[in-house]
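Single-structure report; data block below.
Every number here is computed from the coordinates shown, using simple stated rules; none is lab data. Remember, it's a predicted structure, so these values are computed and weren't measured experimentally. Note: ideal-geometry Cβ built from the backbone for every residue, glycine included; neighbour counts use all protein chains shown.
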Amino acid sequence: MQSDHKPTTDNASAAPRNEQHLVPKYITVGLALFSLVLSLAGYGFRLAVGHELVDVLRHAAVIVPAFTLGIPLLFWLGAKLFNKVQGTHIETRNALSLGWLTACVSMLWLMGSYS
C-alpha cells in the first residue's frame with residue numbers, strides 16, 4: 001500500500017538564496033574612490049595656475065557628482081529596470097561597479113583628449 005504523502009521540499013532550497021556578486025567589494029570601493037580622485041584631480045592645478053576659486057568650485061560642483069554619483073546611479077537604475085522588464089538578476093554591486101568603471105574610463109578619456 002502506497003502512502004499519499006508528497007515528498008517534502010528540501011529546507012536548503014526554501015532558504016533565501018545568497019547574493020552572488022561577480023565583483024568583489026574591494027574592487028567596487030576602489031573604483032568609487034578612484035572615480036572621486038580622478039574627478040578632483042585637475043582642480044588643484046587650476047587653482048595653482050590662477051583660476052578664480054569661485055569658478056573652480058562651480059565647475060567642481062557639477063562635474064564631481066556627475067561622474068562619482070550620476071553615471072553609477074544610471075547603471076543601477078538601468079539594472080533595476082532590466083531586472084523588472086526581462087526578469088534577469090543583475091546584482092546592485094555589479095551594476096554600480098560597472099558604472100564606476102565607465103566613469104573612470106570616461107574621465108581618463110577626457111583627460112587624454114585635453115592634454
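Key figures for this structure:
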read-out	value
The range 24-40 - phi-based ³J(HN,Hα) in whole Hz, Karplus 6.51/-1.76/1.60, Gly and Pro as x	x, 4, 5, 6, 4, 5, x, 5, 5, 5, 5, 5, 5, 4, 5, 6, 9
Given charges at beta-carbon only (K, R positive; D, E negative), |dipole| of the range 21-114 in Debye	260 debye
³J(HN,Hα), Karplus 6.51/-1.76/1.60, whole Hz, each residue of the range 87-99, x for Gly, Pro	x, 7, 9, 9, 5, 4, 4, 5, 5, 5, 4, 5, x
Å³ per residue enclosed by the Cα convex hull of the range 21-114	93 Å³
Vicinal HN-Hα couplings computed from phi for the range 48-62 (Karplus, 6.51 cos²θ - 1.76 cosθ + 1.60; Hz; Gly/Pro x)	5, 8, x, 6, 5, 4, 5, 5, 5, 5, 5, 5, 5, 5, 9
